[in-house]
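Data first, discussion second: the structure below is written as structure tokens.
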Amino acid sequence: MKLCMIGTGYVGLVSGACFSDLGNDVICVDRDLKKVTDLKKGIIPIYEPGLDELVLKNYKNKRLKFSTDLKDSVSKSDVVFICVGTPSKKNGNGADLSQIYNVAKEIRSSISKFKIIITKSTVSVTTGDEIEKIILQKVSKKLFSVVSNPEFLREGEAIRDFYKPDRIVIGTNDKKSNNLLKNLYSPLISRGAKYINTSRRAAELIKYASNAFLATKITFINEMANLCEKIDVNIEDISIGIGLDKRIGGRFLRAGPAYGGSCFPKDTKAIVTTGNQFQTNLSVIKSVIKSNENRSSLLLKRVFNILKGKVKNKKICFLGVTFKANTDDMRDSSSLFMIPSLIKKGAKINYFDPTGEKVEFKKLKNVKFSNNINSAIKQSDLIIIHTEWNDFKSINFKKEVQNKKFMIFDMRNIYSSIKMKKSNIKYYGVGC
Ligand SMILES: NC(=O)c1ccc[n+]([C@@H]2O[C@H](COP(=O)([O-])OP(=O)(O)OC[C@H]3O[C@@H](n4cnc5c(N)ncnc54)[C@H](O)[C@@H]3O)[C@@H](O)[C@H]2O)c1
């Protein structure tokens with residue numbers, strides 16, 4: 001099939017590359033000229049394991065193309081995926097859908113034969129109805145169908161998630177579109193992916209309800225961790241003990257920092273706004289948002305306690321600053337709150353991240369990037385393990401850290417507190 005991905009970010013680039021690898025002709029469009037020029041030179045704008053090879057292979061065999069010309073790319077395609085950003089509105093009230101609606105307006109003049117217009121971006125319920133109205137102003141109803149096909153891939157696992165999704169959700173009442181899309185996804189369905197066809201509004205809501213539920217699971221276990229710290233119980237025992245119950249399931253039950261990233265924070269807020277719009281009080285999600293917002297302050301207080309209140313001039317090392325491992329995404333990472341707060345109290349920060357230096361910290365005084373783990377931790381009074389990269393799982397702290405009174409605050413519980421204590425290392429985990 002001839003596909004067009006509008007927006008070549010985490011979602012558009014990954015799914016565009018994977019669809020081309022399945023034998024489709026794909027044009028990835030972006031308004032960012034530098035991104036498109038770089039991609040044509042083989043420079044991949046994001047860190048995602050395995051993506052480089054996939055893009056290069058399919059770009060070379062000409063199944064994958066890059067362009068800034070939206071109208072031309074849409075006119076050459078049968079299926080158009082809208083994959084642009086849907087961030088929170090500046091006033092915090094719901095999703096800013098302006099990029100989606102701009103695309104809907106831009107593509108109208110390129111529809112002269114039947115096309116399926118798909119929202120892969122996460123969009124509020126009824127956005128599909130609005131897109132349809134916008135396109136209908138200029139295009140006959142017979143020439144297009146607006147479908148919701150939410151994306152569930154996780155950064156860091158995106159390619160695996162594309163090829164082996166738990167489910168593919170197609171929101172449309174149009175049989176022709178449903179059949180075409182079932183055909184497009186047939187290589188994944190034959191590998192075991194469940195295909196479900198729902199109404200368009202249901203598909204839009206499935207995405208938000210999934211993210212809100214996962215955010216609730218994380219927040220739940222984080223609050224359990226708070227209780228564990230007071231009663232001398234290890235949260236890892238609780239996670240295993242409840243996760244083995246098949247009704248609950250063990251995933252998303254690891255205590256740690258506040259959830260962040262490009263999805264959960266904005267999507268939980270957006271679904272609450274949708275609830276308000278339709279006079280429905282989503283009180284559980286509201287309290288999840290509140291609890292998560294408090295989480296970073298709570299962990300920061302713990303840092304102050306570990307340092308017995310003496311933060312001034314303390315050398316603190318952050319291992320990992322992105323919101324999770326295996327991604328370079330800094331959006332809503334809790335380090336963006338913790339590092340500036342610690343500097344304000346006079347701390348000196350050194351950080352290492354496997355995905356390199358971050359622009360977000362470049363202008364901050366007393367924040368330095370080290371380009372390897374050993375030089376980052378060498379002078380530290382306190383080492384904070386902020387993300388769970390494999391690179392951080394077997395560090396010989398005793399050998400590498402010069403200050404023999406160093407301490408570790410492992411916000412991901414990647415080390416065993418028992419083994420650390422046996423090695424006489426002052427070690428603090430989360431929920432233990
Ligand atoms: N990142 C994830 O893990 C993930 C997972 C599932 C769903 N989503 C959803 O997918 C959507 C996209 O997320 P992302 O992380 O890929 O965003 P992103 O910011 O990485 O990429 C969006 C891209 O769209 C481009 N763009 C914006 N307007 C455009 C236009 N008019 N024409 C051409 N290009 C345009 C931007 O330049 C940018 O490169 C969001 O709604 C997000 O919630 C993201």
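The values are calculated or read from the model by the stated rules, or taken from the named source; none is laboratory data. Keep in mind that this is a model prediction, so the values were computed, not measured. Please note: Cβ atoms are built from the backbone with ideal geometry, for glycine as well, and neighbour counts cover all protein chains shown. Please note that ligands, DNA and RNA were not included when accessible areas were found on the heavy atoms of the full protein model with its side chains. Shrake-Rupley method; radii C 1.70, N 1.55, O 1.52, S 1.80 Å.
Summary table
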item: Tally, over the stretch 248-284, of residues that are in contact with a Ser or Thr (Cβ under 9 Å, 6 or more places away or on another chain), aromatic (Phe, Trp, Tyr) and farther than 27 Å from Val303 by Cα; result: 0
item: The stretch 5-27: number of residues that are more than 10 Å from the ligand (Cβ to nearest atom), in contact with a helix residue (DSSP H, G or I) (Cβ under 7 Å, 6 or more places away or on another chain) and open to solvent by less than 10 Å² (accessible area, probe 1.4 Å); result: 4
item: Qualifying position, being among the polar types (S, T, N, Q), in contact (Cβ under 8 Å) with a residue 60 or more places away in the chain and farther than 25 Å from Asp332 by Cα, among Ser77, Ser88, Ser110, Ser67; result: Ser77
item: The listed residue being modelled with pLDDT of 95 or more and more than 23 Å from the chain's Cα centre (by Cα), out of Glu229, Glu223; result: Glu229
item: Residue in the stretch 296-317 that is assigned to a helix (DSSP H, G or I), among the polar types (S, T, N, Q), surrounded by 21 or more Cβ atoms within 10 Å (Cβ to Cβ) and touching a residue at least 12 places away in the same chain (Cβ under 8 Å) present; result: no
item: Qualifying residue in the stretch 335-348 (condition: in contact with a Ser or Thr (Cβ under 7 Å, 6 or more places away or on another chain) and surrounded by 21 or more Cβ atoms within 10 Å (Cβ to Cβ)); result: yes
item: Sole exception among (1) assigned to a loop (DSSP other than H, G, I, E, B); (2) buried (at least 16 other Cβ atoms within 10 Å of the Cβ); (3) more than 10 Å from the ligand (Cβ to nearest atom); (4) in contact (Cβ under 8 Å) with a residue 60 or more places away in the chain for Ile44, by number; result: (4)
item: Matching entry among Asn374, Asn413 (being within 30 Å of the chain's Cα centre (by Cα), open to solvent by 60 Å² or more (accessible area, probe 1.4 Å) and modelled with pLDDT of 95 or more); result: Asn374
item: Among (1) within 12 Å of the ligand (Cβ to nearest atom); (2) in a loop (DSSP other than H, G, I, E, B); (3) touching a helix residue (DSSP H, G or I) at 6+ places or on another chain (Cβ under 8 Å) - the single one Tyr208 does not satisfy; result: (2)
item: Wholly within the stretch 64-158, helices (runs of 4 or more DSSP H) carrying at least 2 residues that are more than 10 Å from the ligand (Cβ to nearest atom) and under 23 Å from Leu184 (Cα atoms); result: 70-75, 127-136
item: Count - residues of the stretch 75-98 that are open to solvent by 30 Å² or more (accessible area, probe 1.4 Å), hydroxyl-bearing (Ser, Thr, Tyr) and more than 22 Å from Leu143 (Cβ to Cβ); result: 2
item: Single unsatisfied condition, Gly320 versus (1) on the phi < 0 side of the Ramachandran plot; (2) buried (at least 22 other Cβ atoms within 10 Å of the Cβ); result: (1)
item: Cβ-Cβ under 7 Å pairs, at least 6 apart or on other chains, the stretch 19-38 side under 18 Å from Asn102 (Cβ atoms), far side open to solvent by 30 Å² or more (accessible area, probe 1.4 Å); result: Val29/Thr68; Asp30/Thr68; Arg31/Thr68; Leu33/Thr68; Lys35/Pro45; Val36/Thr68
item: Residue satisfying condition, being part of a helix (DSSP H, G or I) and either of a type in the set (Phe, Trp, Tyr) or surrounded by 17 or more Cβ atoms within 10 Å (Cβ to Cβ) (or both), within set Pro165, Pro265, Pro257; result: Pro265
item: Number of the exception - Glu293 against (1) free of Cβ contacts under 8 Å to residues at least 60 places away in the same chain; (2) farther than 18 Å from Gly94 by Cβ; (3) acidic (Asp, Glu); result: (2)
item: Near pairs, Cβ below 8 angstrom, 6+ apart or cross-chain, from the stretch 230-242 (of a type outside the set (Val, Ile, Thr)) to any residue that is part of a helix (DSSP H, G or I); result: Asn234/Cys228; Asn234/Ser417; Ser239/Ile221
item: Selection from the stretch 19-46 of residues that are over 21 Å from the mean Cα position of the chain (by Cα) and under 20 Å from Arg160 (Cα atoms); result: Ser20, Asp21, Leu22, Gly23, Asn24, Val26
